[in-house]
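Here is the structure we will look at.
The values are calculated or read from the model by the stated rules, or taken from the named source; none is laboratory data. Keep in mind the model is a prediction, meaning the values are calculated, not measured. No Cβ is skipped: glycine too gets one built from the backbone with ideal geometry, and neighbour counts run over all protein chains shown.
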Amino acid sequence: MTQTITPEELAGILRESPQTEIIDVRTPAEFREVHLVAARNYPLAELEPKAIVAGRAVDAAAPIYVICHAGARGAEACTRFAAAGYANAINVAGGTKACVQANLPVVRGKKGVSLERQVRIAAGSFVVLGVALGFLVHPGWNGLAAFIGSGLVFAGVTDTCGMAMVLARMPWNK
């Protein structure tokens, strides 16, 4: 089970220890848009927990706080840290979204399209395309809409989205 803290608890920790290590696992584009002042960006798609732990300048037993947009990718990153033998990775509940709402200090940059919105746009486009081609060309194209729909159900049940993983690797998200 992943350890979690609230943004308010994180704010208290940052007041006591400004050198607290915060890892943001969102895409670089999401990170550029808004991130905690103290956060460093290590996208989940490229996360190497052993390398991060080995390169730390602080006490090896000190916690690493992990943050994403809303919490799911942060929990996945904490699981990866645990699998790499580091059990002191703590997920920030609600992610950057909750930290902004809790008025933690953030850096704001260029506005981009969030990964979540990109998934909605891509999934919706594929469904419309599949239905249109199924109507205009051949009914077999309806399978595209069914495939995307089943992928969305799978993503909702498992909290893992293959389309998001693919989109995170696209050049505009680097």
Quick check on segment 76-86. Is at least one of its residues surrounded by fewer than 13 Cβ atoms within 10 Å (Cβ to Cβ) and either in contact (Cβ under 8 Å) with a residue 12 or more places away in the chain or in contact with a His (Cβ under 7 Å, 6 or more places away or on another chain) (or both)?
yes
Given (1) out of contact with any Leu (no Cβ under 6 Å at 6 or more places or on another chain); (2) closer than 26 Å to residue 21 by Cβ, identify the lone condition not met by residue 92.
(1)
Hand me the list of helices (runs of 4 or more DSSP H) wholly inside segment 1-88 holding 3 or more residues that are at pLDDT below 95, within 11 Å of the chain's Cα centre (by Cα) and within 21 Å of residue 173 (Cβ to Cβ).
28-33, 72-83
So residue 107, is it among the β-branched types (Val, Ile, Thr), in contact with a Gly (Cβ under 8 Å, 6 or more places away or on another chain) and either within 23 Å of residue 31 (Cα to Cα) or part of a helix (DSSP H, G or I) (or both):
no
Could you list, in sequence order, all residues of segment 51-75 that are charged (D, E, K, R) and either more than 16 Å from residue 161 (Cβ to Cβ) or surrounded by fewer than 12 Cβ atoms within 10 Å (Cβ to Cβ) (or both)?
56, 59
Name the residue that is surrounded by the fewest Cβ atoms within 10 Å (Cβ to Cβ), counting only residues in segment 117-174 that are touching a residue at least 60 places away in the same chain (Cβ under 8 Å) and assigned to a helix (DSSP H, G or I).
172
